[in-house]
Structures are given as C-alpha cells and as structure tokens.
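Asker: Structure incoming, see below.
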Amino acid sequence: MDDLRDKYINLIADAADEVAIEDLRVQAVGKKGEIALKMRELGKMTPEERQIMGPKLNALKDEINSALSAKKTALADAALDERLKTEWLDVTLPGRGRRQGSIHPISQVTEEVTAIFADMGFAVAEGPQIETDWYNFDALNIPGHHPARAEMDTFYTHRAEGDDRPPHVLRTHTSPVQIRSMEKNGAPIRIICPGRVYRADYDQTHTPMFHQIEGLALGKDISMANLKWVLEEFFTAFFGTEVKTRFRSSHFPFVEPGAEVDIQCKWENGSVKVGEGDDWLEVLGSGMVHPHVLKSGGIDPDEYQGFAFGIGIDRLAMLKYGIPDLRAFFDSDLRWLRHYGFASLDQPTLHGGLVR
Ligand code: PHE
C-alpha cells in the first residue's frame, strides 16, 4: 500500500494538465482502478485482517482523491494566471481619437435661414425635385412659348418612344412649391421652401445642381413694403450686421411687380465684405405674386395677395463664410469639408447665435 501511495502521489505531482489528472483518477480510484481491485481482495481476508486493511484502503483512497483535487485546482489557477498575463490590458491608456464628420455649409446656412424665418412666423414646406412642367412652368405663368422657359436651361426626363405625355423636369427653381402649398393650405399662408434645384450650367458661380429658399406670404393686407421689411430683417439677422438692400425693378412671369434684390458690399483684395462699402451684389428675386399664379394655386386674387421671393442659398453661404468657388461645394473633398464644415453641435438658433 505504501508503494501504491508513493506511486500516485508522485504521478499526481507530475501531471501536466487536467486531462492527465482525469486519467490518473480513473487509474487509481475509478471503479476498476487499483484501489478498487485492492478493495475486492478484502473479501478473501480474515475478519481481523479486514479490520486493519479496510480503513487503511479507505484512508488511501481519500488521500489520493484530495491530492487529485488539490492538483486540479492548482492547474486551473496556473492556467488562469497564464491567460491573465497574455490578455493584459492597460485601461489607463488614452483612447484613439476618431475624426468626426462635419455639417456642410449649405446645410448650416439652410438651418440658419430657416431659424430666422421661423422667428418671423414662416413654416417650412417642401416639394419634389422632379416636377411636372405644369408646376414648374405653366402654373407659374410661364406658358410653353415663353422665353423664360428656354432661359432656364431645363433638364427634361426621357420619355419612351410613343409616350407622349408631357415630360417631367428637374425643377429649375423652388417656385413650384408655392403652387403646391397654395393647393394644400389655401390662404392666408406664410412659408419658406428650401431645396435643390437644377439648371444645365457650369462655371465658377454656377453648378448644375444648386439650392434655393422660396418664400411665400399671402394675406388680405400684404404689400411690397412688408416684403422689403421681411428681407431687410432677414439680411441683418443672417449677416449679424445692418445690411443695406437695393430693390431693382425686374421681370419674373410669376410676380407683378417684380424686383431683384442686391445687398450692400465691398470688394477687398479679391474677397467680398457684406454690409460695408458701395458695391452691390444680387442675391434674390422677388415680387408680388401674379394673379394668374394665385388662380393656379386655387386662390382668389380679388381676396388675397402677397409676396414671394427666391434666395440662392449657395451664394449666401459663399458670402457669409468667404468661400470663393461654388463648384467646391459639391466636390466632396474631405480637406474642404473639414475646413469649411461645421461641428454637428453648432445648431444655429436665434438665441444661441447664427454666426460661428
Ligand atoms: N424663381 C426665381 C428664380 O429662380 C426667383 C423668384 C422667386 C423670383 C419668387 C420672384 C419670386 O430665379
């Protein structure tokens, strides 16, 4: 029995892993293990012998069992220590910074303009970018033969051969949203409509896709004076300084009278400053909504009248943030976007400030 004991205590001490321990357990104290075989021999012994050998065998079995479980625990601890060493992680190291995206100047300026007009009671309306030529032209008093229709450099959708429905167009201005809003809400109404517009034109100050904000205010007692006040109020809030405006008589088929509006500016070493000097820069078209247009929108021109305007957002963004080339707006050049973009938390509000 002493040999048996020494043999297993040594084997257990040398076991390399849990699999070896399990093998030893089966060999030593398993049902057919060496201790069990010895137990079986008890039957052949005299009662006196059995009284000595029985307890001794049981004690040996206990000793081996506890050596097995002690070794098993030791092996598991060692394995855990090993793992902890390799999986070590310094949680005090500084994190790796990630570059954040930025808000495009067009989006930022759209939000700024919206905040200012919202404060004056204008709600935001939207319309589709692919329009029927009725909404884009006819309803706005631009009939088929009208020269303005040709001047718009319109993109027409393709029609299959034999399909002689009039084509759709990529809207050339946001003015069709005037008609859609009149149809939907009637009068009185006070809305602005920001969005994309399209014209086939490309140079430093023109891209085939650009942005406008349409404005429309209809009521029973709205005049050109209201239009002037609203726009002057807008420019002053937008540029953060008093800006003089110049209303030049002009023609758009959907307004009568019509005016183009310039803002006061100064050119200095190739860049422009708004609100100073005695140069002028055209930024929008406007006027009193033409009676034909009111009728197209289902509104009685004898009862309601009002003004409309269309501002070029891209132009405003260039002026306010000193961006020289319009085409760069839509190049998706990350260096440009990081330079001219806005932090996503810089939400423009009238109380928090519109200017960076
Ligand atoms: N729709 C005109 C344009 O795109 C602008 C405009 C809008 C003019 C409303 C008068 C009234 O140039």
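The values are calculated or read from the model by the stated rules, or taken from the named source; none is laboratory data. Predicted model only: the values in this text are computed from it and were never measured. For neighbour counting, all protein chains shown are included, and Cβ atoms are generated from backbone atoms with ideal geometry for every residue, glycine included. The area values use the complete protein model at the heavy-atom level, side chains included, leaving out ligands, DNA and RNA. Shrake-Rupley method; radii C 1.70, N 1.55, O 1.52, S 1.80 Å.
Asker: In region 312-356, which residues are open to solvent by less than 80 Å² (accessible area, probe 1.4 Å) and without any contact (Cβ under 8 Å) to a residue 24 or more places away in the chain?
Answerer: M318, A328, D333, W336, G352, G353
Asker: Can you list residue pairs whose Cβ atoms sit under 7 Å apart, with the first residue in region 93-117 being farther than 19 Å from C193 by Cα and the second being open to solvent by less than 50 Å² (accessible area, probe 1.4 Å) and in a loop (DSSP other than H, G, I, E, B)? Count only pairs 6 or more apart in sequence or on different chains.
Answerer: Qualifying pairs under 7 Å: S102/G341; I103/G341.
Asker: Within the bounds of region 143-159, is there any residue that is outside any helix (DSSP H, G or I), assigned by TED's automatic domain parsing to the domain that holds F307, more than 24 Å from L294 (Cα to Cα) and without any contact (Cβ under 8 Å) to a residue 12 or more places away in the chain?
Answerer: The answer is yes, given that some residue of region 143-159 is outside any helix (DSSP H, G or I), assigned by TED's automatic domain parsing to the domain that holds F307, more than 24 Å from L294 (Cα to Cα) and without any contact (Cβ under 8 Å) to a residue 12 or more places away in the chain.
Asker: Could you check region 245-356 for strands (runs of 3 or more DSSP E) lying wholly inside it with 2 or more residues that are in contact with a Gly (Cβ under 7 Å, 6 or more places away or on another chain)? Quick ask: steps written out before the conclusion?
Answerer: Working: elements: 245-250, 255-268, 271-274, 279-289, 305-312.
Strands (runs of 3 or more DSSP E) meeting the threshold: 255-268, 279-289, 305-312.
Asker: What is the one condition in (1) more than 14 Å from the ligand (Cβ to nearest atom); (2) in a helix (DSSP H, G or I); (3) not aromatic (F, W, Y) that M182 does not satisfy?
Answerer: Failing condition for M182: (1).
Asker: Further question: Please find, within region 247-275, the residue that is most open to solvent (accessible area, probe 1.4 Å) out of those that are among the acidic types (D, E) and at pLDDT 90 or above.
Answerer: Filtering region 247-275 down to residues among the acidic types (D, E) leaves 256, 260, 262, 268.
From what's left, at pLDDT 90 or above: 256, 260, 262.
On the way: E256: 107, E260: 37, D262: 4 Å².
Among them, the one singled out is E256.
Quick grid of which residues meet (1) within 13 Å of the ligand (Cβ to nearest atom); (2) open to solvent by less than 50 Å² (accessible area, probe 1.4 Å):
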residue	(1), (2)
D119	no, no
Q129	no, no
W134	no, no
D138	no, no
I142	yes, yes
A150	no, no
Y156	no, no
S175	yes, yes
A187	no, yes
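Asker: So, in region 206-221, of the ones that are away from the ligand (no atom under 14 Å from the Cβ) and either farther than 17 Å from Q129 by Cβ or of a type in the set (A, V, I, L, M) (or both), which residue ends up surrounded by the most Cβ atoms within 10 Å (Cβ to Cβ)?
Answerer: First, the residues of region 206-221 that are away from the ligand (no atom under 14 Å from the Cβ): 207-208, 219-221.
Applying the additional criterion that residues be either farther than 17 Å from Q129 by Cβ or of a type in the set (A, V, I, L, M) (or both) yields 219-221.
Values: G219: 15, K220: 10, D221: 9.
In this case the residue turns out to be G219.
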